[in-house]
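The values are calculated or read from the model by the stated rules, or taken from the named source; none is laboratory data. The structure presented is a predicted model; accordingly, all values stated were derived computationally and were not measured. Please note: Cβ atoms are built from the backbone with ideal geometry, for glycine as well, and neighbour counts cover all protein chains shown.
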Amino acid sequence: MYIVGQLKDSISGILSGVNLNNVTNLNGAIERAARTLVQKADIPEATGRQIYTVYDGVYDYAAPTTIFGGALLDFRPQGDSRTMVDFVYKKPIEMFDRTKAILPNGAMLTFEYSKGTGRVRIVSTRNRIKATIDNFTDKTDWTAGGNTGTLYDDETDYYQSPQSIRFNVSAGGSQATLARTLDSEIDLTEYEGVGVGFLAVKLPAATAITSIGVQIGNDASNYWSVSNTTGFLGAWNANEWTLIKLDLSTATTTGTVDASAIDYCKVFLNYDGTALTNVRVGGLWFSLPSSYEMIFQSAAIFMAGTTPSQTITDDNDSILLNDAAYTLFEYEGALAVLQQSGGTLSSPMAQTIKAVLHGQGNDIGLYAHYRSNNPSDAVRTVGSYYD
């Protein structure tokens with residue numbers, strides 16, 4: 001592989017021996033050139049891979065930190081198990097939300113952001129259907145305990161239709177609980193030690209709750225207990241429906257649990273004594289994990305150790321490009337450095353570089369040659385309001 005130091009020598013040569021030591025923020029210019037390169041051409045070497053564990057009933061996951069926008073190339077099952085109908089669909093945000101329950105095959109994705117943090121929404125037909133414990137649609141099914149106040153059915157603010165259960169938490173306490181005996185037994189044999197529970201909650205404060213969890217089993221003396229101190233996507237936020245991940249592989253066991261006859265459930269919220277108004281609970285289910293791999297376009301083409309990066313650490317960083325893409329990068333880097341050192345896009349040198357990259361007269365340029373041999377593999381967003 002080429003290294004950054006070699007790239008700088010090439011850029012200096014293209015710019016007729018310009019002393020790059022006099023260029024302010026030289027590495028920044030080269031990093032900008034990398035981002036420009038990835039936008040202009042789909043570079044096979046400039047791709048990232050990230051493993052995803054997908055669950056039925058869970059749609060929001062953290063997007064790769066190095067993905068270039070929403071440039072998705074593939075989302076495939078791990079292993080040699082992909083079938084001819086395992087298609088990948090990329091949809092607009094609202095269309096994904098409306099049609100996620102009727103996906104005919106494969107997987108469907110969309111990308112969005114929350115406070116600058118990328119999220120990818122995923123639904124897959126390969127997931128085993130979740131085991132629902134309760135949808136929290138009837139307050140009379142549950143018994144309040146600890147510092148839990150009166151239970152209310154909430155038909156206007158819920159995680160899933162038609163309602164949620166709402167309650168207050170009194171000041172000076174440490175734990176609020178909801179407990180019930182299920183109407184019928186649920187077989188969680190497949191889920192023991194591997195299944196993951198998800199509890200939907202909406203909290204009025206982000207800091208007062210110290211942990212949230214469930215006891216799930218046969219009765220109040222025989223159960224698994226598992227809790228978490230954050231939401232599935234990180235710290236929970238006030239006034240936002242959040243999923244709490246409850247991994248049974250980390251559960252502790254009290255008594256003896258018959259996984260084939262689960263009919264006892266207790267939800268608990270541990271808190272710091274602050275009174276809380278309008279805590280909402282909106283659903284509890286267990287899902288089995290499905291393993292996927294996402295392939296995506298990335299500007300992380302520099303590597304100092306074992307992890308590709310979008311930034312340069314020093315001149316010995318490797319550049320993850322082969323000769324064809326590296327040649328494009330040399331000229332894009334030269335153009336970026338020329339601009340940063342006071343040159344203009346209309347200067348003779350800039351025009352010469354642009355002609356090499358984009359062509360002039362009968363010469364179609366390096367980009368056109370490159371794209372003809374390296375057509376895009378990107379999964380395009382399909383669907384719009386006009387559909």
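Does segment 332-359 hold any residues that are outside any helix (DSSP H, G or I) and surrounded by 13 or more Cβ atoms within 10 Å (Cβ to Cβ), and which are they? So that I can check it myself, show each step before the final result.
Step one: list which residues in segment 332-359 are outside any helix (DSSP H, G or I), which gives 341-347, 359.
Answer for segment 332-359, where residues must be outside any helix (DSSP H, G or I) and surrounded by 13 or more Cβ atoms within 10 Å (Cβ to Cβ): Ser341, Gly343, Ser347, Gly359.
Which condition number does Ala200 fail, the rest of (1) crowded, with 19+ Cβ neighbours inside 10 Å; (2) over 30 Å from Phe87 (Cβ atoms); (3) among the small types (Gly, Ala, Ser) being met?
With respect to (1) crowded, with 19+ Cβ neighbours inside 10 Å; (2) over 30 Å from Phe87 (Cβ atoms); (3) among the small types (Gly, Ala, Ser), Ala200 is out only on (2).
Report every pair of residues separated by at least 6 positions or lying on different chains whose Cβ atoms are under 8 Å apart, first residue within segment 324-343 and closer than 11 Å to Lys354 by Cα, second modelled with pLDDT of 95 or more and outside any helix (DSSP H, G or I).
Within 8 Å, no pair qualifies.
Against the definition (surrounded by 15 or more Cβ atoms within 10 Å (Cβ to Cβ) and touching a residue at least 40 places away in the same chain (Cβ under 8 Å)), how does Thr47 come out, yes or no? Before you say what the answer is, go through the steps one by one.
Working: surrounded by 15 or more Cβ atoms within 10 Å (Cβ to Cβ): yes; touching a residue at least 40 places away in the same chain (Cβ under 8 Å): yes.
The answer is yes for Thr47.
Determine which single condition Ile262 fails, assuming it passes every other condition in (1) under 27 Å from Gln50 (Cβ atoms); (2) buried (at least 23 other Cβ atoms within 10 Å of the Cβ); (3) of a type outside the set (Lys, Arg).
Of the numbered conditions (1) under 27 Å from Gln50 (Cβ atoms); (2) buried (at least 23 other Cβ atoms within 10 Å of the Cβ); (3) of a type outside the set (Lys, Arg), the odd one out for Ile262 is (1).
Within 31 Å of the chain's Cα centre (by Cα), outside the structural domain of Lys245 (by TED's automatic domain parsing), buried (at least 16 other Cβ atoms within 10 Å of the Cβ) and hydroxyl-bearing (Ser, Thr, Tyr): is that true of Thr313 in this structure?
Numbers: within 31 Å of the chain's Cα centre (by Cα): yes; outside the structural domain of Lys245 (by TED's automatic domain parsing): yes; buried (at least 16 other Cβ atoms within 10 Å of the Cβ): no; hydroxyl-bearing (Ser, Thr, Tyr): yes.
In short, no.
Can you tell which of Val194, Val201, Val214 is in a loop (DSSP other than H, G, I, E, B) and in the same structural domain as Asp263 (by TED's automatic domain parsing)? Show your work before the answer.
Numbers: Val201 fails: in a loop (DSSP other than H, G, I, E, B); Val214 fails: in a loop (DSSP other than H, G, I, E, B).
Result of the check over Val194, Val201, Val214: Val194.
How many residues does segment 97-115 hold that are touching a Gly at 6+ places or on another chain (Cβ under 9 Å) and of a type in the set (A, V, I, L, M, F, W, C)? Break it down into steps so the answer makes sense when it comes.
Going through segment 97-115, the residues touching a Gly at 6+ places or on another chain (Cβ under 9 Å) turn out to be 99, 109-112.
Filter once more, so that each one left must be of a type in the set (A, V, I, L, M, F, W, C): 109, 111.
The qualifying residues number 2.
In segment 1-115, which strands (runs of 3 or more DSSP E) lie fully inside it and hold 1 or more residues that are over 14 Å from the mean Cα position of the chain (by Cα) and acidic (Asp, Glu)? Walk me through how you get there before you give the answer.
On the way: elements: 47-54, 60-62, 67-77, 88-90, 107-114.
Per the criteria, 67-77.
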